[in-house]
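A short worksheet on the structure shown next.
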Amino acid sequence: MKSSEIREKFLKFFESKGHTIVRSSPLVPGNDPTMLLTNSGMVQFKDVFLGLDTRPYSRATSVQRCVRAGGKHNDLENVGYTARHHTFFEMLGNFSFGDYFKRDAIAYAWELLTKVYMLPAEKLTVTVYQEDDEAYDIWANEIGVPRERIIRIGDNKGARYASDNFWQMADTGPCGPCTEIFYDHGAEIYGGPPGSPEEDGDRFIEIWNLVFMQFNRDEAGNMTKLPKPCVDTGMGMERLAAVLQHVHSNYEIDLFQNLIKAAARETGVEDLESKSLRVIADHIRAAAFLIVDGIIPSSEGHGYVLRRIIRRALRHGHKLGQTKPFFYKLAADLNTEMGSAYPELTEKLAYVQQVLKTEEERFGETLENGMKILEAQLAKDAKNLDGATAFTLYDTYGFPLDLTADICRERGVTLDEAGFAEAMENQKKTARAAGKFKMAANVEYSGAKTNFVGYEQLTFDSTVIALYSNG
Ligand code: ATP
Ligand code: MG
Ligand code: MG
Ligand code: MG
């Protein structure tokens, strides 16, 4: 089943259950300064859950574009290492605003998976929040899931691969206990059921999370009840596609295979299993959609998320031997795959290519030189990378820290992040001292200024902003 059919079946099913189909909102949340990028389908409905906004419907369904490359849900470091994580992905969701609750949410999900997508029930395992007897009973007695495949899970805050059955949008905002549905990809794959010590593997893959939104968490961490209990669900389209296309990894679905082939074409690589090709295929989606949604590479905020993603992809291209701009060319391939679902991508394709190409040209030369510095340092010490070198790479060669960390991880090198932070702090102190000195004496500014301009130039922002902000 192709992506387009998967999306359509989802929306049609929930429409038949009285849900209004709502378009994906942009990746930059419209009215939420606490959230950098949309990380789930519920973000555009946050105020409805909180009772601050109303809609002409109490049931909605959507296919939401999401990015998880920072903040509470950050999967940047997982890309290339797991079969199931992307920086950009599409979330299929259904929502109830004070309308139905646990019973219907669970029944709809089960019906859709087993009667519409025709997944074999015996391959599905579910988890419930440890204290949620109500959800447990619905699964066991009303749906008829055998008890050995219903697992109680608590809130494993912060554990990277541990299941967590208390969902939070972010540190503040709507949250609540959840129940999740996992698909067993088979005993030949490493991994164990959720809650087991082997759950870090990729055998049991979480496909759908049904959140029973009941609380709002404030900045002090206090939880207050929402005006009405709500439902917020999210299913990863790519993970469902993997199941329906009888492949294990998300990177084996049609859409990703075509992007991987395109990345192979541009880098001259033959091994389609290459981790770097997967990273590049993932990152072109995130980068292109962030640009479509109005973001340009810069040194802070949204723009820095975008820059980190692009530069990381370029470094993987460099690793594959491609030292010329290539990444921007993949935008056209992405458009072939996703343009019909997202006409805004087709409309802005030329602009997306231009922004990507500019960033590639900017980073190309410093990437090459930075890699030489890095290699020279690693030739001296192959096990540790000191903070000062990581900072030089960041400050002078435009290497975001996560890019350097990605190289270190590949090579089993320990990165001194504390040393990096220290070097950064010293730099700021020097800059502040220089500023004060100027105000006090109004002389001797040139030295400090040279320094400061160097810093700015290497983050490349002003020019890029000037290039694009006027249209
Ligand atoms: P995981 O435990 O695998 O990291 P999650 O529990 O963080 O997933 P949720 O926040 O519950 O994910 O999001 C709802 C659904 O969105 C998941 O069940 C999954 O299908 C999908 N999803 C989450 N993160 C990603 C990602 N990085 N890439 C692709 N799909 C994702
Ligand atoms: Mg996660
Ligand atoms: Mg999970
Ligand atoms: Mg989850």
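The values are calculated or read from the model by the stated rules, or taken from the named source; none is laboratory data. As the structure is a prediction and not an experimental result, all values here were calculated from the model. Glycine gets a Cβ as well: all are built from the backbone with ideal geometry, and neighbour counts include every protein chain shown. Note: areas computed on protein heavy atoms with side chains; ligands, DNA, RNA excluded. Shrake-Rupley method; radii C 1.70, N 1.55, O 1.52, S 1.80 Å.
A few notes on this one:
- Scanning region 240-253 for residues that are touching a residue at least 12 places away in the same chain (Cβ under 8 Å) and open to solvent by less than 40 Å² (accessible area, probe 1.4 Å) returns LEU240, ALA241, ALA242, VAL243, LEU244, SER249, ASN250, TYR251, ILE253.
- Looking only at residues in region 180-198 that are within 12 Å of ligand 3 (Cβ to nearest atom) and open to solvent by less than 30 Å² (accessible area, probe 1.4 Å), the one that is modelled with the lowest pLDDT is PRO194.
- Selection within region 8-41 - assigned to a helix (DSSP H, G or I) and open to solvent by less than 30 Å² (accessible area, probe 1.4 Å): PHE10, PHE13, PHE14, GLY41
- All positions within region 171-228 that are closer than 19 Å to LEU119 by Cα and among the polar types (S, T, N, Q): THR179, ASN209
- Within region 113-168, if we keep just the residues that are within 13 Å of ligand 4 (Cβ to nearest atom) and of a type in the set (Gly, Ala, Ser), the residue that is farthest from VAL247 (Cα to Cα) turns out to be ALA159.
- Conditions (1) out of contact with any helix residue (DSSP H, G or I) (no Cβ under 7 Å at 6 or more places or on another chain); (2) part of a loop (DSSP other than H, G, I, E, B); (3) not charged (D, E, K, R): number failed by HIS248: (1)
- In region 67-84 there is at least one residue that is within 16 Å of ligand 2 (Cβ to nearest atom), under 17 Å from GLY234 (Cα atoms) and open to solvent by less than 10 Å² (accessible area, probe 1.4 Å).
- Of the residues making up region 160-176, not a single one is open to solvent by less than 10 Å² (accessible area, probe 1.4 Å), over 30 Å from GLU219 (Cβ atoms) and not in a helix (DSSP H, G or I).
- Residues that are modelled with pLDDT of 80 or more and open to solvent by 80 Å² or more (accessible area, probe 1.4 Å) within region 431-452 comprise just one, ARG432.
- Region 366-401, residues that are farther than 17 Å from ALA313 by Cβ, open to solvent by 50 Å² or more (accessible area, probe 1.4 Å) and either of a type outside the set (Gly, Ala, Ser) or in contact with a strand residue (DSSP E or B) (Cβ under 6 Å, 6 or more places away or on another chain) (or both): ASN369, LYS372, ILE373, GLU375, LYS380, ASP381, LYS383, ASN384, ASP386, THR392, THR396
- Members of region 52-72 that are assigned to a strand (DSSP E or B) and not polar (S, T, N, Q): ARG59, ALA60, VAL63, ARG65, CYS66, VAL67, ALA69
- Breaking point among (1) more than 16 Å from ligand 2 (Cβ to nearest atom); (2) touching a residue at least 12 places away in the same chain (Cβ under 8 Å), for LYS225: (2)
- In the set (1) open to solvent by 40 Å² or more (accessible area, probe 1.4 Å); (2) part of a loop (DSSP other than H, G, I, E, B); (3) within 16 Å of ligand 3 (Cβ to nearest atom), ASP202 fails one condition alone, (1).
- Whichever residue in region 267-311 is open to solvent by 10 Å² or more (accessible area, probe 1.4 Å) and basic (Lys, Arg) and, among such residues, is nearest to LEU27 (Cα to Cα): ARG308
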